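All of the numbers you see were taken from the coordinates with simple rules; none came from a lab. Nothing here was measured: the structure is a model prediction, and the numbers come from that model. Here Cβ is always computed from backbone atoms with ideal geometry, including for glycine, and neighbour counts include all displayed protein chains.
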C-alpha cells in the first residue's frame, strides 16, 4: 500500500500546486478501501483481463457519461481548467500500468466530449494537431438528439486535404511522456454510402503514403464501422494522419484508437460528454442512425467493460427518478450485450448555486443507482457518498457529514487553488487522482 501511495502521489506532481500536496495525502489517507458493492463482480472483464496478461487478446473499456469522466476541472490548464491528461479514465490506465503492471492504454479519442470547437479541443487534448478547416461536427447538435458516441464527430471541410494529426506520445500521458510505439489505428465512423458528395478518409503515418481509406460516399444504407488500419511493420513512435480526399462535402470520424498489434492491451476509450444526461445516451429521439450511442456501443464498439458515471446533469435537470432508472438500465443492457458494466456515482454539486439541488435530493439519484446495481447485478463504486458521507436534514437544511462542498474545497477536492475559478459542479485534480486509484483497485480484483 505504501508503494501505491508513493506512485499515486507522483502522478500529481506534474500539475498540482506544491503547497496542496499535503492536503491530497490527508484526503487519500482516509479512503484506503474502495466503498463498492461487489454484486457478482466483473466476470467478463476478469476473463478478458487474463487474456491480455496471457498475450492472447485485447480488451475494450468504454467510459460512458458526463463531463466528469471527460476531465472537467481535472487540471490547472490556464483558462480551460480541463485536460484529457487529468481525466480519471486516463489516470486509471496509467495506474494499471505503473502500479499493477497491467497493459492498459488510453491512446484514443472518442468524439469531442462537447468541448465546443477544434481550437479548444486541441488545448484540452495536446496529442491532437489540427490545421485549416478541420472542425467539430454534429449532425443536429453536439448535445442534442443526434449525438454520436462521445459527442460530436470531427470533420474535414469540403475539399480540405489538411491532415488531422494524432500522436499518442504527447503530453496527455503523464507523469512523463514516454514514447508510445503503435502500428495500428482503429477508426470508428459512419462508413460506406453516407451520402453523395462525401469522400474517402485516408490514413497514413508521418506524412507517408496512404495505408488505407474509408469510403464515405455513395447512397443507400448507412453503416457504422470499425476500420482497422495497420502500417504492416514494427510499432514505432508514429504520428497518425487522417486526410479527406475526393470530397465536395468533406469527411468525418467519431473515434480513433492507436495501438501496438503485437502487444495485447486494454484500450480505454473515454466517451464522456459535457452536459450529458442518461437520456442523451439512451433515447435520443431523433437519432435513427447506426451511430446512435447505444446502437453503436452494442453493434460496433462491443465493449468488454463499460464504466458509467452519469448523474450530475440529471439531478440538476430534475429528471424523474423512474425515467432516470429506465434510461440508465438501457445503457447497462447495451454494455452487457458484450461485456460487464461498473457504475460510478458522481461527485456532489454545490447546492448553494442556482440549478444545483440540495444534498438530500442529490442522494435520491445515488439511491437509484444503488437500486439499479442490485437489480442488474452490477458493481457500484459510490463515489458521491465517499465525498459527502451521511446526509442529515432536508431541503436547504440538508448537510453532509463530511462537510459537503465548502469543506471539500478546503480539503483539496475542488479545483480552486492559486486563484483558479471555482467550479460549482466538478471536483479538482486531487479528487480525480483518488477516484482513479479506487477504480484501478476494483479492476485488478
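The relative contact order of the range 239-386, computed from alpha carbon pairs under 8 Å that lie at least 6 residues apart in sequence, is 22 percent. Fewest Cβ neighbours within 10 Å first, please rank 325, 51 accordingly. The most exposed by this proxy come first: 51, 325. Starting from the Cα gyration tensor of the range 59-113, take the square roots of the eigenvalues, sort them a ≥ b ≥ c, and report rounded, prolate or oblate (rounded when a/c is under 1.5, otherwise prolate if a/b is larger than b/c, else oblate). The shape class here is oblate. Across the alpha-carbon set of the range 198-357, the Rg to Rh ratio works out to 1.04, Rh being the Kirkwood radius. Each part gets one Cα centre, and for the range 231-279 versus the range 102-117 those centres are 9 Å apart. Under the classification rounded if a/c is under 1.5, otherwise prolate if a/b is larger than b/c and oblate if not, where does the range 323-413 fall, given a ≥ b ≥ c as square roots of the Cα gyration tensor eigenvalues? Because a/c hits 1.5 or more and a/b exceeds b/c, the range 323-413 counts as prolate. Taking other C-beta atoms within 10 angstrom as a stand-in for reagent exposure, 346, 217 fall in the order 217, 346, fewest first.
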